[in-house]
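Below: the structure, in structure tokens.
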Amino acid sequence: MNKTASSERRAHVFCIANQKGGVGKTTTAINLAAGLAAHKKKVLLVDLDPQGNATMGSGIDKHALQGNLYQVLIGEQSVEQAKVRSESGGYDVLPSNRELSGAEIDLVGMEQRERQLANALVSVAGQYDFILIDCPPTLSLLTLNGLTAAHGVIIPMQCEYFALEGLSDLVNTIKRVHRNINQELKLIGLLRVMFDRRVTLQQQVSAQLESHFGDKVFKSVVPRNVRLAEAPSHGLPGVVYDKSSAGAKAYIAFGDELIKRVKNF
Ligand code: ATP
Ligand code: MG
């Protein structure tokens, strides 16, 4: 390896995934990106969901894009061409809109169909400290592209009764991808979100998680906080919209915890 290559920045690439819908993936992706940016890290947020929520929540109009992730996945544009700056968040976004739903069909006929995102990100991995991938609520070919491109998975979850059951499907998928496609992939950790300590059941599930997964459970806990829910309608990450809110503080603390955790890699 030559000197330039070895001294280059190489991004940690993490998927934010959970096949369950509405569990806080996008909120986590946006606020972690902004939280890491606040810690002076260079971040690219990849919106791998045709809903385009990570794009809109970063203050970027998904209806007025010059390029988007769909064109990158089918090889019509480079990441450089398609990426946009989130001025409010202080990070770059590889944006998406409903056009991306067509990628599922276009990719099927392609060679290395699960590696398109991984291949596309190679050229920019040297420019960032972190690349965060906001996955859709499915275990689809799009999500498989995310898992193939990543070094690790961060799973946001609500401490509800069925949460553990759904988790085993995802953990098995991660194991299968690790075994068959991407040996670098591992579970980075579970993040408890929308947490309400007054609810006994949530405390119980949280304790169960800790006993099953040990230190794979992040110490930071994100409370249910209305400011986080309001922020996307202003095109702002919650950590920017109301810095002093409990939700913002939790995501900043989570960014801190993640930075410390990756130092041990
Ligand atoms: P999908 O599966 O549709 O992609 P998701 O897992 O990305 O959903 P989000 O969109 O982040 O989930 O969150 C679902 C809803 O919950 C949103 O309205 C969001 O604003 C709200 N929400 C997320 N986290 C919190 C929180 N900590 N406190 C209050 N509301 C939250
Ligand atoms: Mg989402």
Legend entry - Qualifying residues in segment 134-151 (those that are closer than 13 Å to L45 by Cβ and within 12 Å of ligand 1 (Cβ to nearest atom)) - the one surrounded by the fewest Cβ atoms within 10 Å (Cβ to Cβ): C135
Inset, instruction - Please find, within segment 224-244, the residue that is farthest from the chain's Cα centre (by Cα) out of those that are part of a loop (DSSP other than H, G, I, E, B) and more than 16 Å from S88 (Cβ to Cβ). - result: S244
Inset, instruction - Can you run down the residue pairs with Cβ atoms below 6 Å, 6 or more apart or on separate chains, where the first is in segment 184-208 and under 17 Å from S220 (Cβ atoms) and the partner is in a loop (DSSP other than H, G, I, E, B) and among the basic types (K, R)? - result: M194/R224; D196/R224
Inset, instruction - Please tell me if K83 is closer than 26 Å to K263 by Cβ, among the charged types (D, E, K, R) and without any contact (Cβ under 8 Å) to a residue 60 or more places away in the chain. - result: no
Legend entry - Tally, over segment 1-30, of residues that are at pLDDT 95 or above, under 19 Å from T138 (Cα atoms) and either acidic (D, E) or away from ligand 2 (no atom under 11 Å from the Cβ) (or both): 2
Inset, instruction - Just give me the residues in segment 210-228 being closer than 17 Å to G57 by Cα and touching a residue at least 60 places away in the same chain (Cβ under 8 Å), in sequence order. - result: L228
Inset, instruction - Please go through segment 27-54 and pick out each residue that is on the phi < 0 side of the Ramachandran plot, more than 9 Å from ligand 1 (Cβ to nearest atom) and not small (G, A, S). - result: L32, L36, H39, K41, K42, V43, L44, L45, V46, D47, L48, P50
Inset, instruction - Collect the residues in segment 165-190 that are surrounded by 14 or more Cβ atoms within 10 Å (Cβ to Cβ) and within 17 Å of G21 (Cβ to Cβ), keeping them in residue-number order. - result: G166, L167, L170, T173
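The values are calculated or read from the model by the stated rules, or taken from the named source; none is laboratory data. The structure displayed is predicted, hence computed values, not measured ones. No Cβ is skipped: glycine too gets one built from the backbone with ideal geometry, and neighbour counts run over all protein chains shown.
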